Each structure stands twice: as structure tokens, then as C-alpha cells.
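> Handing you this structure, nothing more for now.
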Amino acid sequence: MSAADIELSNVHKSYYKDRLEIPVLHGLNLKIGPGDFVAMMGPSGSGKSTLLHLIGGLDSPSDGSIRVGDALLERMTERALTAWRSRHVGFIFQMYHLVPVLTAAQNVELPLLLFRMPASERRRRVETALSVVGLADRADHRPNQLSGGQEQRVAIARAIVTDPEVILADEPTGDLDARMSEEILNLLNLLNSEFGKTILMVTHDPRAASHARRIIHLDKGVLERTEENPVRQPMAGARAAS
Amino acid sequence: MTLSYVLMQNLRRNPLRSVLTTVAFALPMAVFVAAISLVVGLIQIGQSAAKELRLAVHHKTTITNSLPEGTRRKIEGLDPQGRRLRAVCGMRWFGGRVPNTQNTLTSLASDVDTFCEVHQDAGLTPDEEQAWLRERTACVVGRIPAEKHGWKVGDRVTLESTVPPYLSLEFRVIKIMTEASRANYFYFRRDYLVESMNQVGIEDSRCNIFWVKCRTPEDLRTLQRDIDAEFANTPDETKSEDENAFGANFVQALGDIPSLMQAMAVVVVIVVALVAANTMMMSVRERARELAVFKAIGFHSRRIFAIVIGESMMLALIGALLGVVPTAALLTMFPVRRLGFVPLASLEVSPIAVVGSIGIALLVGLLAGFWPAYQALRLRTVDALRYLA
């Protein structure tokens with residue numbers, strides 16, 4: 001599947017607690033080109049995860065527009081968003097969230113259960129995804145038989161098994177030591193450079209962010225600044241506007 | 001891999017809890033299937049009896065007070081053309097037991113000429129009817145005492161009466177009755193009893209009960225009224241009841257067993273539902289973030305709802321099978337009827353009870369899983385991920 005670009009126009013998001021409005025994002029504008037790798041940094045409560053959830057269609061903006069590829073998310077029903085997400089977005093979480101009673105291969109296969117697909121095709125895709133993350137030989141291991149880094153790699157395989165255009169990673173290295181973090185970040189680089197996935201990664205870790213082509217800084221719900229990574233140049237057409 | 005496989009694997013997540021919940025299902029369901037089997041058994045006997053259109057006419061005071069033999073002629077005189085009644089059969093309680101045993105059989109001396117007409121559910125073939133009419137010592141035995149004592153057609157058996165004058169009589173088995181409503185009875189000819197009593201110097205041809213076979217349900221109602229009116233204000237006032245009402249007197253002497261069983265079954269179902277609901281709620285609460293991830297990767301809320309409900313129903317089904325199948329097998333291998341206790345003698349595993357129990361278990365699983373599944377359906381992915389990730 002080809003990469004998708006992402007465009008946010010004047011996105012606002014507020015939460016309500018006991019009828020009290022808590023604004024999180026204030027008129028955010030952002031463009032992420034197809035095949036870009038963007039790291040999102042900022043203090044806690046700056047709206048990073050909220051932004052990630054909005055782009056992934058897990059939540060809807062209070063105002064403004066979000067387009068991912070051809071999909072205008074604010075116009076889609078929950079059912080349509082769920083279906084869209086299953087095909088176009090892969091999620092990676094800090095705590096992996098693998099199903100403990102399933103093997104690595106079965107965890108990777110889970111998203112494919114939503115598709116009408118022969119078992120042989122599912123098996124082929126699972127093997128491919130596990131090979132990409134370097135865990136083909138751990139297919140039959142359960143999560144408790146894997147290290148943290150390996151669990152996260154299984155989670156990445158689960159995120160890419162449907163071949164989505166966009167990968168959204170919420171602190172994917174937050175629970176890993178430096179060596180394992182490096183492995184995961186190299187893997188994300190591979191998915192971006194070799195498979196052309198558009199990646200948006202939330203992180204607190206500057207070393208993790210340094211693997212991205214661009215780093216955007218959020219603070220108090222506004223896009224504070226954007227840095228180009230001098231080591232990794234942005235893809236053509238990828239730029240940010242605040 | 002399929003979603004059902006995922007459901008099965010989920011039950012392995014906390015094996016001890018799954019086992020305990022399954023046992024919590026299995027034990028009450030075992031009681032449930034036994035209770036419902038008894039209720040179904042009693043209902044079937046009642047339905048079978050109702051079909052026979054028989055009136056039980058006995059002394060108004062109590063069945064132990066006997067009625068004169070002439071009562072039969074008076075009852076027949078109410079409908080000499082036989083437009084409403086087909087036949088009247090007098091019976092006398094013998095209270096026989098097999099020598100050196102304790103349990104008294106439901107043994108009744110019955111009018112020879114009308115027995116087959118009134119008790120068609122005894123199922124005598126024409127040849128057996130001939131044997132009944134021909135052989136003074138003929139007896140017709142229900143399946144339960146026959147199995148208990150190993151009697152077969154042609155066997156000679158002896159019963160000792162537990163009521164005065166404590167006769168010991170020998171009979172020849174001409175028929176084993178298999179119909180559930182007759183399975184516990186022992187019938188023999190009343191003329192044989194009367195003659196045997198005469199031989200020991202007792203002249204007594206009175207009966208404890210007259211069975212009146214009617215033609216239609218309407219005839220049964222009118223005859224019931226007419227018979228009791230006929231004997232009103234006489235020394236032998238009667239009470240006429242349809243067979244179900246008559247049988248209920250005996251069952252209810254031990255308590256209202258069907259109602260008791262039904263109430264117990266309802267309590268069992270409620271307790272199981274609460275246990276299962278509690279387990280499922282805990283399970284869903286523990287897995288909130290996992291379910292949120294399921295939603296994030298594209299599982300629709302309704303599918304999540306189905307997963308939780310499916311898990312609950314799976315647990316219920318396994319529990320029900322573990323409870324129902326061994327109980328059914330045990331009751332089949334070791335029937336309670338061997339104890340000879342009248343209401344419990346009906347306790348045979350009924351297919352209706354087995355299917356009903358499994359159906360009820362699935363319903364309980366559905367109900368128990370509904371609220372947790374609804375919580376999972378309403379789970380906001382973002383909240384679950386934010387607070388639990």
C-alpha cells in the first residue's frame with residue numbers, strides 16, 4: 001500500500017470534566033507528507049497523545065479538519081472510522097498490549113481476522129511481518145516468553161501486518177532500555193525508509209526523536225516549533241505549518 | 001486462528017478463576033437438571049393421566065375408609081346406556097411387600113372384568129387380556145418393582161400384605177407395564193383377594209377406590225358432580241377427583257415437590273447468573289486496555305460486545321456440560337426409582353431437562369455477560385489507553 005499524507009487544519013480539541021471545558025489543542029495546523037517520519041515531543045499534557053488519537057481516528061476533533069490520505073476523518077461515522085483504521089493505520093503502544101494467552105504469530109494475526117482472507121494468506125502475511133521485525137523464529141512464543149524489546153517488535157509486526165500507510169507510535173521505547181530502544185527505532189527507520197510508511201511517533205526521549213526526519217514540539221496545545229533532522233532529510237513534499 | 005479460538009484462549013488467561021467459575025456453573029446445573037427432570041417427570045405423568053379420562057371415587061373422609069362393593073353398580077346406574085362412562089373398576093389396597101423386604105409396593109386388587117378397559121395405559125395385548133381373565137393369580141407389574149426384584153413375565157412371585165388380615169399370596173406375572181404412569185404399580189385380581197380372605201374367614205368385599213373411565217373431559221366433569229351428589233348424605237359419602245388431583249394428594253403429602261423444585265431451580269439460576277456476571281465483570285475490568293487495543297486495531301464495538309458475550313456463554317456452556325452430563329449419566333446408571341419412593345421414582349433424566357438445562361445455562365451466560373459486554377461496548381478507547389497505557 002502506498003504512503004499517505006496527513007493534513008490537519010485548525011484542529012481544536014477540548015475535553016469536559018464535570019461540565020468544565022478543558023482545552024487541549026488550540027487551532028493546530030500540520031502537514032505531514034507521504035512517507036515522512038515525524039517525532040512529536042513536548043511536556044506532559046501538551047496534547048501529543050491527543051493529536052495521535054485524532055489522527056488515528058480514535059477520537060474526533062471539537063473543531064477543524066483532519067485528512068489522512070483521501071479520508072476526511074471528521075466526516076466519518078464511528079463504524080466507518082473503525083473499518084478505515086483497520087486498513088490504513090497501525091498502532092504501536094508503549095506497553096505493547098499483546099494478548100498474553102496467544103502466541104506471537106497469533107497476536108500478529110489478530111487484525112487480519114477482520115478481513116475475509118484465506119488462512120494461507122493470513123499465515124503468509126504473519127510470517128512476512130514477523131520476518132520484517134526479525135522474530136520469525138519466535139512465532140510460537142507467548143509474550144511471557146519474550147523480552148520487552150521482542151514484545152514491542154511483535155506489536156510492530158501486528159501494526160504492519162495489514163500493510164497500513166500510516167504508523168502511529170505512542171512512546172514505543174518508553175518502557176525499554178537503551179539497547180532495546182535502539183533496536184525498535186532502527187526497525188521504525190526500516191519501515192519508513194524501505195517500506196515507505198508514514199510514521200508519527202510521540203516520545204519524550206530526544207535520542208528516540210533523533211531517528212525521525214523531523215521533530216515537532218507541542219506545548220500547551222499549540223505547535224511550538226519544527227526541527228529538521230540534519231542527519232535524516234525530510235521526504236520530498238513533507239513540511240509542517242503552524 | 002478464529003475468533004472462537006481467541007475466546008477459548010481467553011478462558012486460559014486466569015485458569016483458576018475459569019475453573020472455579022466453571023465449577024460454580026457445573027454444580028448448580030447438576031442440581032438443576034435433576035430438579036427439572038423430576039418436575040418434567042411429574043408433569044408427564046400428570047399429562048398421561050389426564051389423557052386417560054379417569055375419575056377416582058373414594059370415601060369422602062379418607063381413602064383408607066372403604067366403600068361398599070355395591071358402589072360400583074350405583075355409579076354404573078347413573079349412566080345405564082354408557083353414554084358418559086365406559087367402565088367402573090373397583091380396587092382394594094393390598095399393601096403387599098416381597099418377603100424379607102421393607103418397602104411396600106403399590107399393590108392393588110382390581111376388578112377382573114373392567115381392569116383392562118379402565119386401565120388401557122397398562123398396555124395389555126389381547127393375549128395378555130385373555131391371560132388376565134383366565135388366570136386367577138395373574139398379576140400385572142410395573143417396570144420399577146419388576147426391575148428392582150428381577151421379575152419377568154411368567155415368574156411366580158409372592159407378596160405379604162401389610163394390612164389385616166396379613167395374607168401371603170402367590171401370583172404369576174403376565175405383564176410388565178412400561179408406561180411411566182403405571183411403572184410403579186402392582187395389580188392383581190380382586191376376586192382372588194376376596195376368595196383368599198373368605199378362606200381365612202373374613203367376608204369383606206369393600207373397595208378403597210373406584211376408577212371411573214369417562215368418554216370425554218366434559219363427561220368427567222359432569223360425572224364427578226353426579227357421583228358425589230348420588231352419595232351425598234349417605235353413610236358412604238364419596239369424593240370424586242380427576243386422576244391428577246387424586247395423585248397430587250399423595251405427592252403433596254410430602255410437600256409440593258414440583259413447586260419446590262421449580263423454586264429451587266429459579267434460585268439456582270439466579271445464583272449462577274450472579275457468580276458468572278461477577279466473574280465476567282472482573283475479567284472485562286482487568287482487560288479494559290486490551291479491549292481498547294482491539295478497538296484501536298479495528299475491532300468494532302459490536303464485535304467486542306460479541307467477544308465478551310461469547311466468552312461468558314462459552315464458560316456457561318462448559319459449566320453446564322460438566323454439570324449436566326455426569327448427572328444424567330449417574331441418574332441413568334443408578335436410577336433413583338430403585339429406592340421405590342413414589343415421587344422420586346419419577347426422577348429419570350429427561351431429554352427435555354437436559355436440553356432445557358443447557359439452554360438455561362446459555363441464557364444465564366448471555367445475561368451474565370450482557371452488562372460486562374455493554375461496558376466493553378461503551379469503553380472509550382482513548383480513555384482506556386490514556387489512563388491504562
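> Which whole number gives the average count of other chain Cβ atoms within 10 Å of the Cβ atoms across peptide A:102-109?
Whole-number average of other-chain Cβ neighbours for A:102-109 is 2.
> Taking the Cα centre as origin and putting +1 on Lys and Arg beta-carbons and -1 on Asp and Glu beta-carbons, what dipole magnitude results for chain A, to the nearest 20 debye?
For chain A, the charge dipole is close to 380 debye.
> Rounded to the nearest 5, what % of DSSP beta bridges with both residues in segment B:138-245 are antiparallel?
Around 60 percent antiparallel, to the nearest 5.
> Shifting gears a bit: Got a sec? Charge dipole of the protein assembly as shown, +1 on Cβ for Lys and Arg, -1 for Asp and Glu; which of B:145, B:133, A:93 is way out at the positive end?
Of the listed residues, the answer is A:93.
> Taking the Cβ-Cβ separation of residue A:204 and residue A:228 as r and a Förster radius of 22 Å, what is the calculated FRET efficiency to the nearest 0.05? The partial results should precede the final answer.
Values: r = 20 Å, r/R0 = 0.92.
That gives a FRET efficiency of 0.65.
> From Cα coordinates alone, what are the radius of gyration and Dmax values for the protein assembly as shown in angstrom?
40.1, 127
> Once A and B are treated as a pair rather than alone, how much accessible area drops out, both sides summed, in Å² to 100, probe 1.4 Å?
Between A and B, the summed buried area is about 2600 Å².
> Further, regarding this structure: Compute and list, largest first, the equivalent-ellipsoid semi-axes of segment B:1-128 from the alpha carbon gyration tensor, each √(5λ) rounded to a whole angstrom.
So the three semi-axes of segment B:1-128 are 54, 20, 15 Å.
> To continue, here is another question. So which chymotrypsin sites (Phe, Trp or Tyr not before Pro) in segment B:1-105 pass both tests, a DSSP loop state and at most 11 other Cβ atoms within 10 Å of the Cβ?
Filter output for segment B:1-105: empty list.
> Restricting things to Cα coordinates, could you compute the convex hull volume per residue of segment A:6-228 in Å³?
On the way: hull volume 28.9 nm³, N = 223.
Convex hull of Cα atoms, per residue: 129 Å³.
> First obtain the Kirkwood hydrodynamic radius of segment B:61-236 from its Cα pairs, then insert it into the Stokes-Einstein equation at 37 °C and 0.692 mPa s, and state the resulting D in µm² per second as a whole number.
Value of D from the Cα-based Kirkwood radius: 194 µm²/s.
> Could you compute the FRET efficiency for residue B:152 and residue B:8, with r as their C-beta to C-beta distance and R0 at 51 Å, rounded to 0.05?
The computed FRET efficiency comes out at 0.50.
> Run lengths n ≥ 4 of DSSP H only: what is the helix-derived mean residue ellipticity at 222 nm for chain B, with -39500 (n - 2.57) per run over all residues, to the nearest 500? Walk me through the numbers before you get to the answer.
On the way: 15 runs with 219 residues, N = 389.
Rounded to the nearest 500, the figure is -18500 deg cm²/dmol.
> Using only Cα atoms, find the angle between the long axis of helix B:217-230 and the longest principal axis of chain B, and express it within 0 to 90 degrees, rounded to the nearest 10.
Between the helix axis and the principal axis of chain B, the angle is about 50 degrees.
> Within 10 Å of each Cβ in peptide A:112-121, how many partner chain Cβ atoms are there on average? Round it to a whole number, please. The partial results should precede the final answer.
Numbers: counts 2, 9, 6, 1, 0, 0, 0, 2, 0, 0.
Shielding by partners across A:112-121 averages 2.
> Calculate how steeply helix A:148-160 sits against the longest principal axis of the alpha-carbon atoms of chain A, using the helix alpha-carbon long axis, and give the answer as 0 to 90 degrees to the nearest 10.
Compared with the principal axis, the helix lies near 80 degrees.
> Starting from the eigenvalues of the Cα gyration tensor, five times each then square-rooted, give me the equivalent ellipsoid semi-axes of chain B, largest first, whole Å.
Each semi-axis is the square root of five times an eigenvalue, giving 59, 22, 16 Å.
> Using only Cα atoms, locate the centre of segment B:306-332 and the centre of segment A:80-121, then give the distance between them in Å, rounded to an integer.
31 Å
> Hey, another quick one. Among A:213, A:158, A:225, which one shows the biggest mean-square fluctuation in a GNM of chain A, springs joining Cα atoms closer than 10 Å?
Maximum among the listed residues: A:225.
> Still on this structure, I have one more. Over chain A, with a Gaussian network built from C-alpha contacts below 10 Å, which listed residue (A:25, A:218, A:114) shows the highest mean-square fluctuation?
Comparing A:25, A:218, A:114 in the GNM, the peak value goes to A:114.
> Solvent-accessible area per residue for the protein assembly as shown at a 1.4 Å probe radius, Å²?
Each residue of the protein assembly as shown exposes 45 Å² on average to a 1.4 Å probe.
> Could I ask something else about it? On the accessible surface of chain A, probed at 1.4 Å, how many percent belong to carbon and sulfur atoms? Mind dumping the intermediate values first?
On the way: 4950 of 10280 Å².
Carbon and sulfur: 48 percent of the exposed surface of chain A.
> Here's something else I'd like to know. Please give the calculated 222 nm ellipticity per residue for chain A, where each DSSP H segment of at least 4 residues contributes -39500 (n - 2.57) and the sum is spread over every residue; nearest 500 deg cm²/dmol?
It lands at -9000 deg cm²/dmol.
> Specify the residue with the greatest mean-square fluctuation among A:185, A:98, A:110, computed from a Gaussian network of chain A linking alpha-carbon atoms under 10 Å apart.
Looking only at A:185, A:98, A:110, the biggest GNM fluctuation is shown by A:110.
> In nm, to one decimal, how far is the modelled label at residue A:79 from the one at residue A:189, with both set 7 Å along Cα→Cβ?
4.5 nm
> While we're looking at this one, here's another question. I'd like the FRET efficiency for residue B:236 and residue B:278, computed as 1/(1 + (r/R0)^6) with the beta carbon distance as r and R0 of 41 Å, rounded to 0.05.
Efficiency, rounded to the nearest 0.05: 0.10.
The values are calculated or read from the model by the stated rules, or taken from the named source; none is laboratory data. All figures in this text were calculated on a predicted structure; none of them were measured in a lab. Cβ coordinates were reconstructed from backbone atoms using ideal geometry, including for glycine residues, and neighbour counts include every protein chain displayed. For accessibility, only protein heavy atoms count, side chains too; no ligands or nucleic acids. Shrake-Rupley method; radii C 1.70, N 1.55, O 1.52, S 1.80 Å.
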